[in-house]
1. At a probe size of 1.4 Å, how large is the accessible area of ASP87, to the nearest 10 Å²?
2. Pop out the ³J(HN,Hα) list for the range 71-78 in order, Karplus 6.51 cos²θ - 1.76 cosθ + 1.60 with θ = phi - 60°, rounded to Hz; leave Gly and Pro as x.
3. Sorted from largest down, what three extents in whole angstroms do the Cα atoms of the chain have along their principal axes?
4. Whole number in Å², please: accessible area per residue of the chain, 1.4 Å probe, ligands, DNA and RNA not counted.
5. May I ask you to rank LEU134, LEU125, LEU5 by accessible area, largest first, using a 1.4 Å probe over the protein chains only?
6. In a GNM of the chain with a 10 Å cut-off on Cα contacts, which of GLU46, GLU94, GLU13 has the highest mean-square fluctuation?
7. Could you run the Karplus curve 6.51 cos²θ - 1.76 cosθ + 1.60 with θ = phi - 60° over the range 121-135 and give me ³J(HN,Hα) per residue in whole Hz, x for Gly and Pro?
8. Does anything in the range 68-103 have its amide N under 18 Å from the 7 Å Cα→Cβ label point of ILE22, and if so which residues?
Amino acid sequence: MAITLVNPSGLPEISAYHQVSIATGSKLVFLAGQVAWDAEGATVGEGDLAAQVEQCYLNIGTALAEVGGSFDDVAKITVYVVDWTPDKMPLFLEGVARAAAKVRATPVPPGTLLGVAALDVPEHLVEVEATAILD
């Protein structure tokens with residue numbers, strides 16, 4: 001496996017992600033930000049943050065599988081959420097958990113969550129991008 005996830009002593013252990021990833025592979029994979037589109041380009045879960053987070057993560061899983069990877073290969077995730085407030089965290093984590101159950105993985109590499117004013121179209125509430133390392 002090209003990625004080792006670590007929570008260093010002296011930093012808080014956060015259940016939603018790890019603080020550090022150590023990458024040892026040789027093939028870098030940069031995924032475009034994924035929004036809540038299905039394979040036909042229709043928005044999934046309009047108005048439902050958890051459903052959109054789930055679809056974003058499933059789309060990342062699909063993209064990774066296409067290049068021979070999985071969530072085990074993800075070194076970093078960046079999440080953009082429209083009008084983010086901390087009270088949305090349970091919905092965000094619900095979406096991640098639902099996707100994790102479907103892809104049989106726990107996508108908890110280091111991550112950054114950013115609140116943004118808007119995304120590409122008004123119905124998109126979240127966008128997730130990932131960087132992976134493959135051997």
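1. 120 Å²
2. Those phi angles translate into 4, 5, 9, 7, 8, 7, 10, 10 Hz.
3. So the extents along the principal axes, rounded to whole Å, are 39, 36, 25.
4. Details: 7100 Å² over 135 residues.
Ligands and nucleic acids excluded, the figure is 53 Å² per residue.
5. Sorted descending by solvent-accessible area, the residues read LEU5, LEU125, LEU134.
6. The residue with the greatest mean-square fluctuation here is GLU13.
7. 9, x, 6, 7, 9, 8, 9, 10, 10, 9, 10, 10, 10, 10, 6
8. It comes to 72-76, nothing else.
The values are calculated or read from the model by the stated rules, or taken from the named source; none is laboratory data. Note that the structure is predicted; figures quoted are calculated from it, not measured. We place every Cβ from the backbone using ideal geometry, glycine too, and count neighbours over all the protein chains shown. For accessibility, only protein heavy atoms count, side chains too; no ligands or nucleic acids. Shrake-Rupley method; radii C 1.70, N 1.55, O 1.52, S 1.80 Å.
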